[in-house]
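Worksheet: one structure, shown below.
The values are calculated or read from the model by the stated rules, or taken from the named source; none is laboratory data. As the structure is a prediction and not an experimental result, all values here were calculated from the model. Reconstructed Cβ throughout: ideal geometry from the backbone, glycine too, with neighbour counts over all protein chains shown.
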Amino acid sequence: MWCHRLPHLQRQLWHLLKGGIVCQNFQQPNFKSLFSLTIHRHHTASKSLNCVWQQHEDHFELQYANTVMRFDYVWLRDHCRSASCYNSKTHQRSLDTASVDLCIKPKTIRLDETTLFFTWPDGHVTRYDLDWLVKNSYEGQKQKVIQPRILWNAEVYQQAQVPSVDFQSFLETKEGLKMFLQNFLLYGIAFVENVPPTQEHTEKLAERISLIRETIYGRMWYFTSDFSRGDTAYTKLALDRHTDTTYFQEPCGIQVFHCLKHEGTGGRTLLVDGFYAAEQVLQKAPEEFELLSKVPLKHEYIENVGECHNHMIGVGPVLNIYPWNKELYLIRYNNYDRAVINTAPYDVVHRWYTAHRTLTVELRRPENELWVKLKPGRVLFIDNWRILHGRESFTGYRQLCGCYLTRDDVLNTARLLGLQA
Ligand SMILES: C[N+](C)(C)CCCC[C@H](N)C(=O)O
Ligand SMILES: O=C(O)CCC(=O)C(=O)O
Ligand SMILES: [Fe+2]
């Protein structure tokens, strides 16, 4: 049932105002057809504060704050915030969910002011504030984005005139850090200026917002075109747009780049908003968007150069979306590192190539390309789950340092500063 409705829901998923904030355009799905059979004869109803509720045989229905919500009874028992069920100091559940009768139904329900009281067969009372229920209901979540973003092409990004943050203000002030993170969350890229061009100072920056994610490339890495590792990154060749570490089960969340030296020509960095391109696919060919979010693929890193021996495999679709609101949260796109496709039958494979082509066409539109020249002192943070990067071929000596960051910890820092993440 859910699957049939998918393309329909997706079409109304995002409303894009020429590079404006992505917001969800929702519509009440037709619940009547899904649930009308289950209404109990002896339902009770109550009306106050524009709040209407009904006790159905297998669920509790609540209309409040312009939202129709349906709650499972086990859910209502499981989320009880009473002192014996929930430890409000640790914010952890004490209740053993497995001890709840799966057929549980409340003995009585009553509304007092803005609080609903459920009395369970054993006498235990659970209270819920109406606003808490709205905030925590499926129907409430379905209408919300987890991460507000501004999708961009080159023009949108340039016209936004997103300010860079100064090294000092980033390290020493809460305001500087917060502004940096807000821009990073909205655009998926952000710059810090006036950074002393050393690996140590770059590391300091990274540690201010997250934990450094150590990988097969080390903790802080430092690279030049010496082919010290078995990867094209370690040459002077051009690199087409891609995301990194697609061959990890969880690709690195953030990439930090600091160009410490370049004596030569070329070597500009290319940045493309993968979510903007995916949004175009969703608008033009929703079934292709869906396919890219459904077909799992492998990416692979095989290295045998000098002392370095590695074989990494990561599995996942190109587009990763949250199933309840269809919000895109991760793009895995690296044509160099994509492994043999053996996770889908031939006919799906052909449709996948078509969808991949559509996405690639969007990713390659010149108007979607943002070109920047990395310079000593200017550190670039890239959301590796959203923004693709590449580089122009170059001549001469070029030294880049940087690291990967864990995404959870960047978001943690952002949330602690009061940002939505
Ligand atoms: C950034 N650093 C030079 C350390 C690693 C580069 C990794 C390159 C790899 N093909 C990938 O896209 O993941
Ligand atoms: O050399 C560059 O500018 C970037 C190379 C690259 O894609 C990488 O290191 O991940
Ligand atoms: Fe890369």
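Odds and ends about this structure:
- Matching residues in the range 355-376 - criterion: being more than 16 Å from ligand 2 (Cβ to nearest atom) and surrounded by 14 or more Cβ atoms within 10 Å (Cβ to Cβ): Ala355, His356, Thr358, Leu359, Thr360, Glu362, Arg365, Asn368
- Checking Gln182, Gln168 one by one, the residue that is in a helix (DSSP H, G or I), assigned by TED's automatic domain parsing to the domain that holds Thr406 and over 15 Å from Leu411 (Cα atoms) is Gln168 and no other.
- Of the strands (runs of 3 or more DSSP E) contained entirely in the range 327-421, those carrying at least 3 residues that are closer than 23 Å to Val281 by Cβ and within 15 Å of ligand 3 (Cβ to nearest atom) fall at 387-391.
- Candidate set from the range 284-304 (those that are closer than 19 Å to Thr354 by Cα and of a type in the set (A, V, I, L, M, F, W, C)); member that is nearest to ligand 1 (Cβ to nearest atom): Leu297
- Top-ranked residue of the range 253-285 - restricted to ones that are basic (Lys, Arg) and away from ligand 3 (no atom under 16 Å from the Cβ), ranked as surrounded by the most Cβ atoms within 10 Å (Cβ to Cβ): Lys261
- Test for Phe248: is it over 27 Å from the mean Cα position of the chain (by Cα), part of a loop (DSSP other than H, G, I, E, B), in contact (Cβ under 8 Å) with a residue 60 or more places away in the chain and assigned by TED's automatic domain parsing to the domain that holds Gly402: no
- Hits in the range 382-408 - residues which are touching a helix residue (DSSP H, G or I) at 6+ places or on another chain (Cβ under 8 Å), away from ligand 2 (no atom under 13 Å from the Cβ) and closer than 12 Å to Cys252 by Cβ: Asp383, Trp385, Leu405
- Any hit, the range 259-280, residues being under 19 Å from Ile313 (Cα atoms) and away from ligand 2 (no atom under 14 Å from the Cβ): no
- Residue satisfying condition, being of a type in the set (A, V, I, L, M) and more than 26 Å from the chain's Cα centre (by Cα), within set Leu411, Leu400, Leu380: Leu400
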